[in-house]
Amino acid sequence: MTTRVFRSPGAYVQGRNVLDDIGDHAKSLGDTALVLGDEVVLDIVGERIEASLEAAGFDVDRVLFDGECSEREIDRVVDRHTDHDADLIVGAGGGKAIDTARATRERTDGALVSLPTVASTDAPTSSVAVIYTEGGEFVEFHVYERHPDLVLIDTDVVTNAPTRLFRSGIGDALATWFEADAVFQSGATTLFEARSTRTARQIANLAYTTLREHGRSAVDAVERDAVTESVEAVVEANTLLSGLGFESGGLAAAHAIHNGLTQLEVTHDATHGEKVTIGTIAQLVLEGREDAFVEDVVEFAASVGLPTTLAEIGLEEPSHEDLAVVAEAACAEDETIHNEPFAVTPDDVRDALIGADAIGRRLDRR
Ligand SMILES: [Zn+2]
């Protein structure tokens, strides 16, 4: 296949206090807006979003998010959207509220503003939503036709959120270059079922170099609630660069291994980005990268406070059976691990996890 596809959100706005300018940036998207977020998020940012939208002439309604991106919740929000005759929905908060807004927009055909209040994953810029049952079990990974019309991220808000979420975003973004590069080399397809582009590959690479150049000082600053240029650089890497990079560049072993790890209940306290970090290190081992190269990535991950051993994501002394369960799931037929430029078996994955863990443990003892 030779068709190459690159897609992206309509606009991306990032900076300190940009929350207060949402009305100006969203002006062309309609005149009736529905704001969706949970109670905690709307307590922090709700009034500022609404004031800015109203100042720009929007008629604004708000709906409290119930915490799960489920079919029932999407139906409820769609009803509110229809009742209010909204032409714009603002999804504010973490991934689940934004995903619910994304699904609502798809069914109402209005505009979408994605407003992440944390920089914990690269999902906010994407066209992807993860749907769960009301009880929180995974149902499906859905790729929508359209992207957010606007992604708006206030670095002051992000910096005041828990530092662990910011570190997790670095973990998610750390995978992007290695996965996009594997996909580019193998000629596998991306999330858009097309070949990658040189553009997506370079964006993924820039995500990686930005993290390496600014990651440590950004985490130091976020721990003290300070917005520095390094924080701005890493928020952009975690959100925009990694978001464009994973969708248009494609996923490979790291996220497949993450998905495998979610099979084990004990890893559920670890965040997406924390488990992805283990997946990234295992991918490098799987690819047979040189010791010095893997150790350099492991040391960087540890330096920004990300896990580098299985114990750190809840897997103290995992049995061979546990790792086999992870490896089998990671190698499921439709998994992105098969985008690597070589064939991968469950045995390879299990042993790559053991090898990655051994490196993490050795460097930990040093
Ligand atoms: Zn991810």
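The values are calculated or read from the model by the stated rules, or taken from the named source; none is laboratory data. No experiment lies behind these values; they were computed from the predicted model shown. Please note: Cβ atoms are built from the backbone with ideal geometry, for glycine as well, and neighbour counts cover all protein chains shown.
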- Message: What pairs come out if I take residues in segment 179-208 that are within 15 Å of residue 8 (Cα to Cα) and pair them with residues that are among the basic types (Lys, Arg) and outside any loop (DSSP other than H, G, I, E, B) whose C-beta lies under 8 Å away, six or more apart or interchain?
- Response: 194/4; 196/4; 197/4
- Within the bounds of segment 19-31, is there any residue that is in contact with a strand residue (DSSP E or B) (Cβ under 6 Å, 6 or more places away or on another chain), in the same structural domain as residue 90 (by TED's automatic domain parsing), of a type in the set (Gly, Ala, Ser) and closer than 26 Å to residue 144 by Cα? yes
- Would it be correct to say that residue 213 is at pLDDT below 95 and farther than 21 Å from residue 114 by Cβ? no
- Message: Can you tell me which condition residue 322 does not meet? The list is (1) touching a residue at least 12 places away in the same chain (Cβ under 8 Å); (2) assigned to a loop (DSSP other than H, G, I, E, B); (3) over 23 Å from residue 246 (Cα atoms), and all the others hold.
- Response: (2)
- With the checklist (1) touching a residue at least 60 places away in the same chain (Cβ under 8 Å); (2) more than 24 Å from residue 265 (Cβ to Cβ) in hand, flag the one item residue 292 doesn't pass. (1)
- Query: Could you list, in sequence order, the residues of segment 271-282 that are more than 13 Å from the ligand (Cβ to nearest atom) and either under 24 Å from residue 118 (Cβ atoms) or under 18 Å from the mean Cα position of the chain (by Cα) (or both)?
  - Reply: 281
- What single numbered condition from (1) more than 16 Å from the ligand (Cβ to nearest atom); (2) in contact (Cβ under 8 Å) with a residue 60 or more places away in the chain; (3) touching an Asp or Glu at 6+ places or on another chain (Cβ under 9 Å); (4) over 30 Å from residue 319 (Cα atoms) fails to hold for residue 264? (4)
- Message: Of the residues 79, 43, 59, 83, only one is in contact (Cβ under 8 Å) with a residue 12 or more places away in the chain, assigned by TED's automatic domain parsing to the domain that holds residue 107 and surrounded by fewer than 23 Cβ atoms within 10 Å (Cβ to Cβ); which?
- Response: 59
